[in-house]
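The values are calculated or read from the model by the stated rules, or taken from the named source; none is laboratory data. Just so it is clear, the model here is predicted, and its values are computed rather than measured. Because the Cβ atoms are built from the backbone with ideal geometry, glycine has one as well, and the counts that use them run over all protein chains shown. Accessible surface is based on the protein model in full, side chains and every heavy atom, while ligands, DNA and RNA are left aside. Shrake-Rupley method; radii C 1.70, N 1.55, O 1.52, S 1.80 Å.
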Amino acid sequence: MILSGHGYFWVHARAYVRVFKQSFWYMSCNTCKKISSSDFNETYECVFCKFSHAVAVPRARVYLELEDSTGSLSGTMIGDTAEKFLQYTGQQIMDSGSQVLEKIRITLEEEQFFYVKGMKKNVLDNEYKYDIIFLNESVPSMSTSSTCTSSRTNKGKDIAYTTDTPMPLQG
Ligand SMILES: [Zn+2]
């Protein structure tokens, strides 16, 4: 595939959650989205963005693998994109506790387009980590190809969350 390395690129791939010992959400600052050690809904001063009235909110996050016929990469989705993949909001995932794996989606067998940002894990080695920024059925037409990181849209807002149909317990 899979261009590895630094920068932004589209990948046409399937997606699988392979690591199940992850919580699929984290508590975050509602302003800068960085991690928070405060309790849900607590107002606090964020050490990252310095906002003195930040509120701790749950945000969806999933580590997953993208695969095509030639290879794979591991990456992280957060926020809207993670909710679109998991089909639950961060709040719903937090509330579901240990039941989370019975609810969320963990595979995406049909190939979709993922917009990926690759960056070095640290300056000294050649290992890269990947953020998966967008998930789309097709590549959106864009006037410029490389510097489109500011095009945050409301894509994903129109997906249907399965809020009121609890899955039956297995066994
Ligand atoms: Zn913050």
Based on a Kirkwood Rh over C-alpha pairs, give the Stokes-Einstein translational diffusion coefficient of region 33-129 at 20 °C and viscosity 1.002 mPa s in µm²/s.
136
Cα convex hull volume per residue for region 55-94, in Å³, equals 61
For all pairs of alpha-carbon atoms in region 1-65, what percent lies in each bin of width 10 Å, listed from the first bin to the last filled one?
21, 31, 28, 19, 2
Please give the per residue accessible area of region 81-130, computed with a probe of 1.4 Å over protein heavy atoms only, in Å².
53
Which of the peptides 11-19, 59-67 is most tightly packed, and how do the rest follow, going by the mean number of other Cβ atoms within 10 Å of each residue?
59-67, 11-19
Given a 1.4 angstrom probe, I'd like the percentage of the accessible area of region 37-126 that is carbon and sulfur, rounded to a whole number.
48
Just list whichever of K50/K117; K50/K84; K33/K84; K50/K129; K50/K103; K21/K129 have alpha carbons separated by over 24 Å in the model shown.
K50/K117; K50/K84; K50/K129; K50/K103
